[in-house]
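Engineer: My structure is below; once you've seen it, I'll send some questions.
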Amino acid sequence: MEERAYKLSKKTKEADIDLKINIDGTGKSKVETTVGFLDHMLTIFSEFSLFDIELSAKGDTHIDNHHLVEEIGLCMGEAIMSSCGKDIRRFGSEKVPLDEALCEFVVDISGRPYFFLHGAELIREPFYLNILYIFFDGLARGGKFTTHCSVYYGMNSHHIVEASFKASALAFHQATRKRGVERIPSTKGYI
């Protein structure tokens with residue numbers, strides 16, 4: 001069986017990233033981004049998607065985390081999309097609770113980049129909101145995915161973001177599984 005994996009390196013004036021993803025993995029990860037909370041979220045993403053992720057990234061975090069988080073999202077989106085091949089389910093959706101928080105993530109591996117975050121006002125601390133929004137917006141653009149994250153409930157921003165990452169991981173796992181028909185899941189004939 002051919003490994004569905006992708007490796008890339010990207011260096012800009014704002015970020016330096018080395019990434020390898022295997023979407024048929026077992027959830028093994030080695031994540032080092034210099035942003036501790038993002039490391040935690042990407043390790044969670046690896047565990048629940050069962051994607052093996054090796055990521056080393058650094059950037060101009062002396063300014064803020066924006067550029068690094070966005071570039072990591074863009075690279076991960078590209079790597080996931082490039083790993084898929086043509087035989088995928090395409091759609092995935094999951095709801096995940098974490099204590100008082102409840103979040104849902106829906107993905108369409110569509111070729112149309114779009115990210116929508118519903119319930120953003122429940123994430124009260126800008127740090128957590130920025131990690132969630134910037135990463136998943138970059139992921140959607142890098143992979144050309146249509147994605148929706150809905151925050152239904154929550155009081156603790158960490159719990160909300162963690163539930164969202166877990167839901168996204170489960171949704172991406174569903175969407176990237178093979179259907180067994182060896183054709184693109186689209187009536188147009190392309191994604």
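The values are calculated or read from the model by the stated rules, or taken from the named source; none is laboratory data. Computed from a predicted model, the values in this text were never measured in an experiment. Using ideal geometry, Cβ is built from the backbone for each residue, glycine included, and neighbour counts are taken over all protein chains shown.
Engineer: Between a first residue in segment 15-41 that is more than 26 Å from Phe127 (Cβ to Cβ) and a second residue that is aromatic (Phe, Trp, Tyr), which pairs have beta carbons less than 6 Å apart while being 6 or more apart in sequence or on different chains?
Structural biologist: Sorted first by the residue in segment 15-41, then by its partner, the pairs are Ile23/Phe51; Gly25/Phe51.
Engineer: Give segment 78-136 a look and list any residue that's of a type in the set (Asp, Glu) and under 20 Å from Tyr6 (Cα atoms), or say none. Walk me through how you get there before you give the answer.
Structural biologist: To start, the set of residues in segment 78-136 that are of a type in the set (Asp, Glu) comprises 78, 87, 94, 99-100, 104, 108, 121, 125.
Answer for segment 78-136, where residues must be of a type in the set (Asp, Glu) and under 20 Å from Tyr6 (Cα atoms): Glu78, Asp87, Asp108.
Engineer: Follow-up question, since we're still on this one. Is it true that some residue in segment 165-181 is out of contact with any helix residue (DSSP H, G or I) (no Cβ under 6 Å at 6 or more places or on another chain), under 19 Å from Glu70 (Cα atoms), at pLDDT 95 or above and part of a helix (DSSP H, G or I)?
Structural biologist: yes
Engineer: Next up: How many residues does segment 3-12 contain that are surrounded by fewer than 20 Cβ atoms within 10 Å (Cβ to Cβ) and touching a residue at least 24 places away in the same chain (Cβ under 8 Å)?
Structural biologist: Residues of segment 3-12 that are surrounded by fewer than 20 Cβ atoms within 10 Å (Cβ to Cβ), as a first pass: 3, 5-12.
From what's left, touching a residue at least 24 places away in the same chain (Cβ under 8 Å): 5-8, 10, 12.
Summing the residues that are surrounded by fewer than 20 Cβ atoms within 10 Å (Cβ to Cβ) and touching a residue at least 24 places away in the same chain (Cβ under 8 Å) in segment 3-12 gives 6.
Engineer: So, in segment 15-59, exactly how many residues are surrounded by fewer than 17 Cβ atoms within 10 Å (Cβ to Cβ) and either at pLDDT below 95 or hydrophobic (A, V, I, L, M, F, W, C) (or both)?
Structural biologist: Total satisfying the criteria: 1.
Engineer: I need every pair where a residue in segment 92-105 that is farther than 11 Å from Cys149 by Cα and in contact (Cβ under 8 Å) with a residue 12 or more places away in the chain has its Cβ under 6 Å from the Cβ of a residue that is surrounded by fewer than 20 Cβ atoms within 10 Å (Cβ to Cβ) and among the hydrophobic types (A, V, I, L, M, F, W, C), sequence separation at least 6 or different chains.
Structural biologist: Listed pairs, sorted by first residue: Glu100/Met155.
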